[in-house]
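One structure follows; several queries about it will come next.
The values are calculated or read from the model by the stated rules, or taken from the named source; none is laboratory data. Note that the structure is predicted; figures quoted are calculated from it, not measured. Every residue, glycine among them, receives a Cβ derived from its backbone with ideal geometry; neighbour counts consider all protein chains shown.
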Amino acid sequence: MAISFANKQFPSATILIAVRWYVVYKLSYREIEELLKERGINVDHATIPRWVLEYAPQLETVFRTRKKQISGSWRMDETYIKVKGKWQYIYRAVDKYGATIDFMLSKNCDEPAARAFFNKAIDKHGLPKNVVIDKSGSNAAALNTINWQIWVLGLYGRLIEIRKIKYLNNIVEQSHRAIKWKMRTALGFKSDTGAEATIAGIELWQMLRKGHLKNSGEMTLWE
C-alpha cells in the first residue's frame with residue numbers, strides 16, 4: 001500500500017509532523033497551528049483533523065507490514081472513551097512483552113463485540129497459545145465460542161488457554177493511558193471515524209516507541 005500526498009497544498013513532511021504532534025502530545029489543533037506558524041508554515045487548525053483522518057489509519061496499516069512478530073501469549077482488556085458525548089469501548093490486546101496486537105472501537109461491550117475483536121486479531125496474527133483476560137464473562141464466552149469452532153474443525157491441539165490472572169493483565173491496563181489522556185485533551189472525540197483515526201495514530205506511535213518496527217536500522221524514532 002502506497003501513501004499518496006498528491007494534490008496536497010503542503011509537503012508530506014508538514015502533514016506528517018502535524019499528525020505526529022497530535023497523536024503523540026497533549027496538543028490541540030489550534031496549538032499545532034501555532035507551532036507550525038512559528039516555523040513559518042501557515043496551516044489553518046481546521047485542516048489538521050482532516051490530515052489525521054486521512055493519514056493516521058493509512059500509516060498504521062502500512063506499519064503492520066513491517067511489524068515484528070508477536071508472542072503467542074496475549075493479554076486482553078477493554079476500556080472506554082467518550083465519542084459524540086456517549087461512552088464507547090475500546091478492545092485492546094498486547095502480548096506478554098507489551099507489543100500491541102490489535103485494537104477495536106465498539107459501541108457495545110458484550111460477547112459478540114469481544115468475539116469480533118478476537119477474530120480481527122486472530123485474522124492478522126493467527127491463533128494465540130493463551131489469552132489472559134479479566135473477570136468479564138463476555139470475554140470468556142467469546143473465547144469459548146472460538147475454542148468450540150476450533151474443536152469442530154478438529155484442531156484439538158490449537159485450543160486457546162483462557163487465563164484469568166489479574167496481575168498478568170496489568171501490562172495491557174497500563175497501556176490504555178495514552179488513549180485516555182488524548183480523550184481528555186480533546187474533551188471527547190467528535191465522531192467515530194475521528195476516534196478510530198486518532199486511536200490508530202496513538203497505537204502506531206506506541207508501537208514505534210517500543211521498537212516494534214522491523215529493519216529500522218539506524219533510523220531515529222522521529223524518522
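I'd like the full set of residues that are over 28 Å from residue 150 (Cβ atoms) and aromatic (Phe, Trp, Tyr), limited to region 160-188.
The answer is 181, and nothing else.
Given the conditions (1) surrounded by fewer than 16 Cβ atoms within 10 Å (Cβ to Cβ); (2) in the same structural domain as residue 131 (by TED's automatic domain parsing), and given that residue 217 satisfies all but one, which numbered condition is not satisfied?
Going through the list (1) surrounded by fewer than 16 Cβ atoms within 10 Å (Cβ to Cβ); (2) in the same structural domain as residue 131 (by TED's automatic domain parsing), residue 217 breaks only (2).
While we're looking at this one, here's another question. Across region 18-59, which residue is farthest from residue 192 (Cα to Cα) among those that are surrounded by 16 or more Cβ atoms within 10 Å (Cβ to Cβ) and small (Gly, Ala, Ser)?
18
Only residues in region 52-78 that are at negative phi count as the first member; pair them with residues that are surrounded by 14 or more Cβ atoms within 10 Å (Cβ to Cβ) and of a type in the set (Phe, Trp, Tyr), Cβ under 6 angstrom, at least 6 apart or cross-chain, and list the lot.
What qualifies is 52/22; 78/89; 78/91.
If you scan region 18-29, which residues turn out to be part of a helix (DSSP H, G or I) and either within 17 Å of the chain's Cα centre (by Cα) or at pLDDT 95 or above (or both)?
Selection gives 18, 19, 20, 21, 22, 23, 24.
So, one more: In this structure, does residue 6 turn out to be without any contact (Cβ under 8 Å) to a residue 40 or more places away in the chain, touching a Phe, Trp or Tyr at 6+ places or on another chain (Cβ under 7 Å) and either crowded, with 16+ Cβ neighbours inside 10 Å or not assigned by TED's automatic domain parsing to the domain that holds residue 204 (or both)?
no
Let me ask something else about it. In this structure, is residue 101 among the aliphatic types (A, V, I, L, M) and modelled with pLDDT of 90 or more?
So residue 101 passes the test.
Which of (1) more than 22 Å from the chain's Cα centre (by Cα); (2) assigned to a helix (DSSP H, G or I) does residue 41 not meet, given it meets every other one?
(2)
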